[in-house]
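Read through the structure below, which is laid out as structure tokens, and then see the notes.
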Amino acid sequence: NAGVTQTPKFQVLKTGQSMTLQCAQDMNHEYMSWYRQDPGMGLRLIHYSVGAGITDQGEVPNGYNVSRSTTEDFPLRLLSAAPSQTSVYFCASSSRMNTEAFFGQGTRLTVV
Amino acid sequence: AQSVTQLGSHVSVSEGALVLLRCNYSSSVPPYLFWYVQYPNQGLQLLLKYTSAATLVKGINGFEAEFKKSETSFHLTKPSAHMSDAAEYFCAVSEGQGAQKLVFGQGTRLTINP
């Protein structure tokens, strides 16, 4: 009963490096989303997808890319990491028929 | 765009006391509203949700929330706090018909004093 799985759990990057945060769900949910959590700011939507091949920007999309080639996976790419991207990243999935979002355990990213 | 305001970034109550966490939203149409809880170093877990059915919504762990359209509020309550309730709580509203675009409040950290 995995739900939403995020990897890695922790990551340290140097400024300018690139990396991909992985997110996979096994609930056959149509919708998937990426959020970042910063102290005192709650969670803010980065990108979301309503199905394979369909993605759109959220509130804070700059510096991040996404793609959705399968229903199960929704990776988040940082092309050139910046210290401002130090944050905790959460992936979530939900069904078109249900308004509950299921969250992964998060990835804590530090950019130095 | 929607917005959510949680009054009080930190709330402290004694064990056994009433818990009240405040949430106000901005929306011109009846929204879907949620309360999530986050324990240290974990993801978010849904406590309860309002989806335009009953205005008093009961959730897990003895929590409930009342949707008040006239006040644009969705405050979270629990009659008697337990030490295990210590966590961060987030109020959220959906943009659209599903849960793929949630707008969160800034969060309220709940501390329970023995």
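To the nearest whole percent, what portion of all C-alpha pairs in the stretch B:11-69 is separated by more than 20 angstrom? Of all Cα-Cα distances in the stretch B:11-69, 33 percent exceed 20 Å. In a simple Cβ point-charge model (Lys, Arg +1; Asp, Glu -1; nothing else charged), chain A has a dipole of about 360 debye relative to its Cα centre.
When B:His75, B:His10, B:His82 are sorted by how many other C-beta atoms sit within 10 angstrom of their C-beta, beginning with the fewest, the order is B:His10, B:His82, B:His75. Structural descriptor for the stretch B:5-114: relative contact order 36 percent, calculated from alpha carbon pairs under 8 angstrom and at least 6 residues apart. Multiplying the residue separation of B:Ser9 and B:Thr111 by 0.36 nm and removing their Cα-Cα distance gives an extension gain of 35.6 nm. Percent of Cα pairs in chain A per distance bin of 5 Å, from zero to the largest separation: 2, 13, 24, 27, 19, 10, 4, 1, 0.
Taking a Cβ cut-off of under 11 Å around B:Val13, the surrounding Lys, Arg, Asp and Glu residues balance to a net charge of -1, with basic ones at +1 and acidic ones at -1.
Working from the Cα coordinates of the protein assembly as shown, the gyration tensor eigenvalues give, after taking √(5λ), semi-axes of 29, 20, 16 Å in decreasing order.
Based on the alpha carbons, how large is the Rg to Rh ratio for chain B when Rh follows Kirkwood?
0.95
Close Lys pairs in the protein assembly as shown (alpha-carbon distance under 19 Å; sequence gap of 8 or more, or different chains): 9. In plain terms, the bigger the Kirkwood radius, the slower the diffusion; for the stretch B:1-44, with that radius from Cα pairs, at 25 °C and 0.890 mPa s, Stokes-Einstein puts D at 188 µm²/s.
Ordering A:Gln85, A:Gly106, A:His47 by Cα displacement along the dipole of chain A toward the positive end leaves A:Gln85 in first place; charges were set at the Cβ atoms of Lys, Arg (+1) and Asp, Glu (-1). Projecting the Cα positions of A:Pro75, B:Val37, B:Val93 onto the charge dipole of the protein assembly as shown (unit charges on Cβ atoms of Lys, Arg, Asp and Glu, taken about the Cα centre) puts A:Pro75 furthest along the positive direction.
If you place +1 on the Cβ of every Lys and Arg, -1 on the Cβ of every Asp and Glu, and leave all else neutral, what size is the dipole of chain B about its Cα centre, to the nearest 20 Debye?
Value, rounded to 20: 180 debye.
Compute the Cα gyration tensor for the stretch A:22-79, then decide on rounded, prolate or oblate, letting a ≥ b ≥ c be the square roots of its eigenvalues: rounded whenever a/c is under 1.5, prolate when a/b is larger than b/c in the other cases, and oblate in all that remain. Prolate shape, in that a/c is at least 1.5 and a/b is the bigger ratio.
Within the listed set A:Met27, A:Met19, A:Met97, the residue fluctuating most in the Gaussian network model of chain A (springs between alpha-carbon atoms under 10 angstrom) is A:Met97.
Taken together, the values in this text are just the output of simple stated rules run on the coordinates, not laboratory data. Here the structure is a predicted model, which means the values were calculated and not measured. Heads up, the Cβs are rebuilt from the backbone with ideal geometry, glycines too, and the neighbour counts pull from every protein chain shown.
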